[in-house]
Amino acid sequence: MNILYIMYDQLRFDYLSCTGHPHLKTPNFDRVAAMGVRFSNAYIQSPICGSSRMSSYTGRYVSSHGAANNGFPLRVGELTMGDHLRKAGMSCWLIGKTHMAADAEGMARLGLAPDSMIGARQAECGFDVWIRDDGLWGHGPDGFYDERRSPYNEFLKSKGYEGENPWADFANAGVEDGQIASGWMFQNADKPANIREEHSETPWLTDRTIDFIDQAEGPWCAHVSYIKPHWPFIVPAPYHNFYGANHVPAPLRHDVEREDPHPVYGAYMENAISSAFQREEVRQKVIPAYMGLIKQCDDQLGRLLDYLDQTDRMKDTMIVLTSDHGDYLGDHWMGEKELFHEQSVKVPLIVYDPRPEADGTRGTVCDALVESIDMVPTFVEAAGGKVADHILEGRSLMPWIEGQTPAWRDYAISEYDYSAMGASVKLGLSPKDARLFMVFDGRYKLIHAEGGFRPMLFDLVQDPEEFHDLAKGDAHQAEIDRLYGCLAEWGRRLSQRVTKSDDDIQAMRGRSGRRGILPFLYDGSEVPEELIQKYVGPAPKRPD
């Protein structure tokens, strides 16, 4: 079996028709959900692109792999999806974005050349690269957001789009009065991007995916990673006007959230992005463009599904649809992501398994607490490999997909290191104190903040909108204490003993582990000569 692991960037869990969006129709996401299992409680391990993806690729929590924010390198030697799958006999390829920063210092220390096979894999999250394009080629006072060459920009130049950076000037910009109207500016979100639709980013990556599958020899895993619907919020015609202000829901927010907010939450509500999304005119321009980007993603997914059907590959290709995080879009007085409300930390997850073992769960919804670190062990089991559970901290979803009800986790964990972000400066925090932890048991969500702050607590049964922070009072101290106990239990996990499995250790038990024989017995007496002769043999003769 092959695996098509598709990730969209910044796709909210509730912006699909199969998850209940009232206006946005996504028949191809729905098509996969009807063929497989939709996991309704899937949580990422960090609400920021790079860290979330590194957890998805390693099967490990952020504090285990250490890549705690965008641009924080994934250390050399951290095993990833590609390492685990190749051991199981499956190749593992990247098509699109990873947001991974290579550990250049670690590679140099070990003498790993970036252009060697091992070095290239270390620099690319363990993937073999069909094509990598992280998809943000903006240019500011400090230079390009991404300093590498953009394959997509080279494609645009080959199609006649002129200039140093056609990504910015055409694919992510409109035109107003003959001038470039940048998609970075929210006021331009309602304009059509200045590009033919078939040349825009999402169709381009779909074409590259079909190119890969055309020549691929299995078994393979292809991580197809789209940049959209991540900002810049601008989309080519005809998607730019599929939706309008009448399709924009009222913001999910309450004045009580701004009354004595938690200091970290308060700092985030006051940043520039949040302030912009608190303005209704911004939401009414941006959200229709965001929906148009998702609609384009759905149409391109339809192209892939039709291609798999036409080439008879649907019967032997597992399909996984998910996201690296969500987007507040003005809910909770916020923009972007980075905190732990459902809009940010919960993601869509749909899995289609073509094998007959999964026939009993087709079209079903599973509400188990799932984490993005579950992807790697799921893929290893699907590939017929043995899950290295002394390394991988996630759990295989195959039992759920095959209709079983396994013993499962009692809570989900997410972490965020915001030491490099403006909120930590605003709060006057040292880097080691600018860290957040979420523990969610399916009802109560606790957020712990280092730095001497009080926690936050939400009851998603009584308050599904997460408006009322119950930790402002003392009536729920028992729940706070219980969830801190869960966080402490998680903190005691065995995350760094990665060179010896439990099986290895079991095989060692009963042996002393010593290579030879001690000269004295435990009571201090000398070892009898006959034992030495029996177990060690005669001493070699020394030359005269």
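A few notes on this one:
- Once segment 119-135 is narrowed to residues that are under 16 Å from the mean Cα position of the chain (by Cα) and of a type in the set (A, V, I, L, M, F, W, C), the residue that is nearest to ARG86 (Cα to Cα) is PHE127.
- Failed condition for ALA237, given (1) under 27 Å from the mean Cα position of the chain (by Cα); (2) among the hydrophobic types (A, V, I, L, M, F, W, C); (3) in a loop (DSSP other than H, G, I, E, B); (4) farther than 19 Å from CYS49 by Cβ: (1)
- Figure legend. Inter-residue proximity from segment 463-489: first residues in contact (Cβ under 8 Å) with a residue 24 or more places away in the chain and β-branched (Val, Ile, Thr), second residues open to solvent by less than 80 Å² (accessible area, probe 1.4 Å) and outside any loop (DSSP other than H, G, I, E, B), beta-carbon distance below 6 Å, spacing 6+ or different chains. Indicated pairs: ILE480/LEU457.
- Single residue of segment 163-184 satisfying the filter (open to solvent by less than 30 Å² (accessible area, probe 1.4 Å), small (Gly, Ala, Ser) and not in a helix (DSSP H, G or I)) that is farthest from PRO229 (Cα to Cα): ALA181
- Comparison of ALA101, ALA113 shows that the only residue that is in contact with a Gly (Cβ under 8 Å, 6 or more places away or on another chain), in contact (Cβ under 8 Å) with a residue 12 or more places away in the chain and surrounded by fewer than 20 Cβ atoms within 10 Å (Cβ to Cβ) is ALA101.
- When segment 449-508 is limited to residues that are of a type in the set (Val, Ile, Thr) and part of a helix (DSSP H, G or I), the one that is surrounded by the fewest Cβ atoms within 10 Å (Cβ to Cβ) turns out to be ILE505.
- Conditions (1) among the hydrophobic types (A, V, I, L, M, F, W, C); (2) modelled with pLDDT of 95 or more; (3) surrounded by fewer than 16 Cβ atoms within 10 Å (Cβ to Cβ); number of the one not met by ALA245: (2)
- Top-ranked residue in segment 53-70 [being more than 12 Å from the chain's Cα centre (by Cα) and assigned to a helix (DSSP H, G or I); ranked as surrounded by the most Cβ atoms within 10 Å (Cβ to Cβ)]: HIS65
- Between MET81, MET35, MET90, MET7, the distinction of being in contact (Cβ under 8 Å) with a residue 24 or more places away in the chain, open to solvent by 40 Å² or more (accessible area, probe 1.4 Å), under 20 Å from VAL351 (Cα atoms) and of a type outside the set (Lys, Arg) belongs to MET35 only.
- The listed residue being under 26 Å from VAL498 (Cβ atoms), open to solvent by less than 10 Å² (accessible area, probe 1.4 Å) and part of a strand (DSSP E or B), out of VAL376, VAL320, VAL351, VAL380: VAL320
- Residue-level analysis places ALA189 among those that are among the small types (Gly, Ala, Ser) and in contact (Cβ under 8 Å) with a residue 60 or more places away in the chain.
- Note on segment 332-380: residues that are touching a strand residue (DSSP E or B) at 6+ places or on another chain (Cβ under 6 Å) and β-branched (Val, Ile, Thr) total 8.
- Selection count where residues are in contact (Cβ under 8 Å) with a residue 60 or more places away in the chain, assigned to a loop (DSSP other than H, G, I, E, B) and more than 18 Å from MET90 (Cα to Cα), scope segment 116-137: 4
- Lone unmet requirement of (1) closer than 18 Å to LYS25 by Cα; (2) crowded, with 24+ Cβ neighbours inside 10 Å; (3) under 17 Å from the mean Cα position of the chain (by Cα) for VAL345: (1)
- Taken together, the residues in segment 192-227 that are farther than 30 Å from ALA88 by Cα, open to solvent by 30 Å² or more (accessible area, probe 1.4 Å) and of a type in the set (D, E, K, R) amount to 3.
- Those residues of segment 424-443 which are under 16 Å from HIS262 (Cβ atoms) and assigned to a strand (DSSP E or B), in sequence order: ARG435, LEU436, PHE437, MET438, VAL439
- Unique residue being open to solvent by 30 Å² or more (accessible area, probe 1.4 Å) and in contact (Cβ under 8 Å) with a residue 40 or more places away in the chain when the list is GLY428, GLY385, GLY442: GLY442
- Hits in segment 176-217 - residues which are under 22 Å from VAL286 (Cα atoms), of a type in the set (Val, Ile, Thr) and within 27 Å of the chain's Cα centre (by Cα): THR202
The values are calculated or read from the model by the stated rules, or taken from the named source; none is laboratory data. These figures come from a predicted structure and were not determined experimentally. Every residue, glycine among them, receives a Cβ derived from its backbone with ideal geometry; neighbour counts consider all protein chains shown. Accessible surface areas use protein heavy atoms only, side chains included; no ligands, DNA or RNA. Shrake-Rupley method; radii C 1.70, N 1.55, O 1.52, S 1.80 Å.
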